[in-house]
Amino acid sequence: MTTMTIGAFSRASRLSPKALRLYDELELLRPARVDPRTGYRHYAPEQVEQARLVAWLRRLGMPLAGIREVVALGPAEAAREVRAFWARAEADMTARRDLASFLVDHLTGPRAGPSSPRETTMTTLELRYAALSDTGLVRPANQDTVHAGTRVLAVADGFGSGGAPASGAAVEALKHLDDEPLPAGSVLNLLEDAVQGAAQAVREVAGPTDPRTGTTLTAMVWTGSRLALVHIGDSRAYLLRDGGLFRITHDHTLVQSLLDEGRLTPEEATAHPQRTLLAKALTGDASAPAPDLRLHDALAGDRYLLCSDGLSGVVPETTLEETLTTTPDPAEAARTLITAAHTAGAPDNVSCVVADVVRAGSR
């Protein structure tokens, strides 16, 4: 195999040797060969484009795990992931810009009263939603739990002998958030407390003798202007914005970790025998890893889909996108998605929540 020294590769990729060494240490761009005696790095000519891509993604601010995933994908799939990342980044920037404006107003002028223009603007959005769960065509019982309320949207996919009670307990622990005002500034703390309650509820269901019982949990809590997301497992959340569908959760599975590390291709992942093996979930284990928690800015016209892997595992994202784009009513969209899973064989329980962000009072 023809290789290039790090100096030659540096000139070809227009990246410094220091940057290349850093990318190696971060496992973003491994040399094609390392001399066992001198430790000198050698690169393959075809790695030049990958090196530039890594540099661009780092300049974009993408986290390391995301970069590892993108560089392992083909061009079309990589472009989709970059679009999804940037949609999240723009939403986060919008939210921070609004917070900065509020702080400037708060610090330099009189405090806004309860009927201030800013507060009125921030409370003109609401959710319209539908939730649906189906046993599917193979499983004897439904271990999924779904909920869609004024503020809480949730999907939980139970597993093990107590899977149904576990998923039900996890969702039940969040429902009280439907009944109280949730300021955006503290919603993540409230959600984190609720998730700890959910984890404790699952541990009580599983008990010390049933460590294989547990549940995934993907939920969003609405503040009136933003959505707080909690996620653990392989249920998913998607955002449909400006005609594009973006996955906003990261699967906590063995296969996804292998993809992140570049040890599997997306094509290999779809056929992997352990593709459903979870790396993280709510279980009876008191030392279970913590879920992901994030805050998303909401825009009028956004549509969110939360679903169990009984839907995302058998229905392609292109079909999800088409259905969500062409079916305006959330309840009808949910029914159409369940039907699509049935058409694909529905080997697992199928559950989804479809929620639209709309201006208050609109029809």
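Summing +1 for each Lys or Arg and -1 for each Asp or Glu among the other residues whose beta-carbon sits under 9 angstrom from that of Ile248 gives +4.
If you plug the beta carbon distance of Arg33 and Leu254 into 1/(1 + (r/R0)^6) with R0 = 35 Å, you get a FRET efficiency near 0.75. If the chain linking Thr270 and His176 were pulled fully straight, counting 0.36 nm for each residue of separation and taking away their Cα-Cα distance, it would gain 30.1 nm.
Under the criterion of Cα pairs below 8 Å and six or more residues apart, the relative contact order for the chain equals 19 percent.
Label-to-label distance for Arg52 and Thr150 is 5.5 nm, based on points extended 7 Å past Cα in the beta-carbon direction. When the chain is treated as a GNM, springs tying every alpha-carbon pair under 10 Å, which of Ala341, Ala78, Ala156 comes out with the largest mean-square fluctuation? Fluctuation is largest for Ala78.
Computed from label points 7 Å out along Cα-Cβ, the spacing between Glu192 and Leu277 is 3.2 nm.
So what's the back-of-envelope 222 nm ellipticity for the chain, counting only DSSP H runs of four-plus at -39500 (n - 2.57) apiece and dividing by all residues, rounded to 500? So the helix-based figure for the chain works out to -12500 deg cm²/dmol.
Comparing Asn349, Asn142, Asn189 in a Gaussian network model of the chain where C-alpha atoms under 10 Å apart are linked, the largest mean-square fluctuation is found at Asn189. Of the whole protein surface, Asp157 contributes about 20 Å² of accessible area at a 1.4 Å probe radius.
Look at the dipole of the chain built from charges on Cβ: of Thr216, Leu107, Ala55, the Cα furthest out on the positive end belongs to Ala55.
Shape class for the chain, computed from the alpha carbon gyration tensor (a ≥ b ≥ c): oblate, with a/c not under 1.5 and a/b at or below b/c. Each Lys and Arg contributes +1 and each Asp and Glu -1, all at the Cβ; summed about the Cα centre of the chain, the dipole is approximately 1300 debye. Per residue, the chain exposes 49 Å² of solvent-accessible protein surface, assessed with a 1.4 angstrom probe and all protein chains in place. Of the peptides 143-149, 198-204, the ranking by mean beta-carbon count within 10 Å, highest at the top, reads 143-149, 198-204. Which stretch or stretches of the range 286-313 have amide N atoms under 16 Å from the point lying 7 Å from Leu137's Cα along the Cα→Cβ direction? Under cut-off, by backbone N: 310-313. Each principal axis of the Cα atoms in the range 121-183 has its own extent, and those three values, largest first, are 48, 22, 12 angstrom. The stretch between Arg359 and Thr5, if pulled fully straight at 0.36 nm per residue, gains 121.6 nm over its current Cα-Cα span.
Of the residues Thr218, Thr339, Thr283, the one that moves most in a GNM of the chain with alpha-carbon contacts below 10 Å is Thr339.
The values are calculated or read from the model by the stated rules, or taken from the named source; none is laboratory data. The structure displayed is predicted, hence computed values, not measured ones. Virtual Cβ from ideal backbone geometry, glycine too; neighbours counted across all protein chains shown. All accessible areas refer to the heavy atoms of the entire protein, side chains included, with ligands and DNA or RNA removed. Shrake-Rupley method; radii C 1.70, N 1.55, O 1.52, S 1.80 Å.
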